[in-house]
Amino acid sequence: MPTPDDADLHAYADGLLDEAGVAEVERYLAEHPADAERVRAWRDMNAALRHTYNPVLDEPVPERLTARPPRRWRPYAIAASLLLAGVALGWIGRSAFFGLPLAGSPASALARQAAVAHAVYSPEVRHPVEVWAAQEDHLVAWLSKRLGTHLKCPSLATLGYTLVGGRLLSGSNGPVAQFMFQDGRGTRLTLYVSTQKGDPRSTAFRFSQEDKVAVFYWIDGNYGYALSGEMSRADLLQVATLVYKQLNPE
Amino acid sequence: MDNHPIVQHIPRLRRYARALVGDRYAADDLVQDTLERAWNKLHLWRPGSDMRAWLFAIMHNVFVNHARSRRYEVERSMEALPVMAVRATQGDHLELQDIDRALGTLPVEQREVILLVAVEQMTYEEVARALAVPVGTVMSRLSRGRDRLRHLTMGSASQPLKVVK
């Protein structure tokens, strides 16, 4: 750096030069008072700006900024893409190349339908549910009657989720119950309970990623359960385990 | 959630937005719009990369995209400044609101560069990345912005700018 240029002077004022550069510029400024004055003014300006705006760092952050906003993806587009994927997978599932009817099995259809229902209803602001949590007893009694069983609504409070409410949906095998839960930052989970055709059977937990929606699902006797949420597999598994434990007390 | 890196950057985003926009509420609107976009685009952020740079780039885009609608343009006012800064001016040579007002008269491009360098203390390369312009452009904006700010805040060039801490 024989003679520092303006860029060097700025970098000096902003503390961006290494030791050698600093020495070089200081030697130059000692002999060029006009430039020294400019540089000093820049440094004073930097200090004044920091002094003016730094206190913002200590202000309490308004609540509206700390809450993670509700997802604003286009639910209907996602529902449509899931349906399309479902059709495609269903078609592949019929192929003789697949020894196991994976994609076309009733269990995976359950995951898909649950994910679609989640994508459609969870972003709703005003009408996410038909019956709100305030009438939980009525909600559970009503959905139990429609599904022809004694439904239980799990309590997920230990994981920070509270019940929003629920609604009745129609599935391929008849009525379906959907319970919706929400945590403090607005992340929503839905539990989808449907009746299953055929002989009663039970399956282990299964996982399916349906576009952005993660789903853990299982079949227990005549009923299929699917827990959907837009979150990591590990987080969702934690909730799914709690749901399963509550529905199947030992 | 409070531990999420995005949340940890909120105070810095607020500081920058306040200086950029001037008005407290308009600035928080800008922060809110920035955060909303960041949460929705979080899957595009590469883990391990600089989150501050990513967030400031988003804020720049949100700000520029709304520039035409003048959404964040509000008269700069005393109330915009943090209480401490205003108090600190009493008896000082430099009225701190003067530098805020002077800053408000600079073209937005110069204001952004000056703030990112002076307040956010980014390197010129970091500023270039956040604003998606070449480093040379950063330097010319910095140079012109500083000249102008110097003349605005000092009147005559003979009186140095003083901040009494």
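What to note about this one:
- Inter-label distance for A:LEU168 and B:VAL108, nm, one decimal - labels placed 7 Å from Cα along Cα-to-Cβ: 5.3 nm
- The spread of Cα positions in the range A:116-250, taken along each principal axis and listed from longest to shortest, comes to 41, 32, 30 Å.
- Separation of the range B:102-148 and the range A:10-35, taken as the distance between their Cα centroids, equals 20 angstrom.
- Total accessible area lost when B and A pair, probe 1.4 Å, Å² to nearest 100: 4100 Å²
- Accessible area of A:ARG27 in the full protein assembly, 1.4 Å probe (Å², nearest 10): 140 Å²
- Globularity index of the range A:1-67, i.e. its alpha-carbon radius of gyration over 2.2 N^0.38 Å: 1.58
- When each of A:LYS212/A:LYS245; A:LYS212/B:LYS41; A:LYS152/A:LYS245 is checked by Cα-Cα distance, pairs over 20 Å: A:LYS212/A:LYS245
- Checking every one of the trypsin sites (Lys or Arg not before Pro) in the range B:1-36 against DSSP loop status and a limit of 16 other Cβ atoms within 10 Å picks out no site at all.
- Counting only aspartates and glutamates at least 8 places from A:LYS197 when in the same chain, those with an alpha carbon closer than 17 Å to its own are A:ASP220.
- Gained length - A:LEU57 relative to A:GLN135, 0.36 nm times residue gap less alpha-carbon distance: 23.7 nm
The values are calculated or read from the model by the stated rules, or taken from the named source; none is laboratory data. This one's a predicted model, so the numbers in the text were calculated from it and none came from an experiment. So basically every Cβ, Gly included, is an ideal-geometry build from the backbone, and we count neighbours across all protein chains shown. For accessibility, only protein heavy atoms count, side chains too; no ligands or nucleic acids. Shrake-Rupley method; radii C 1.70, N 1.55, O 1.52, S 1.80 Å.
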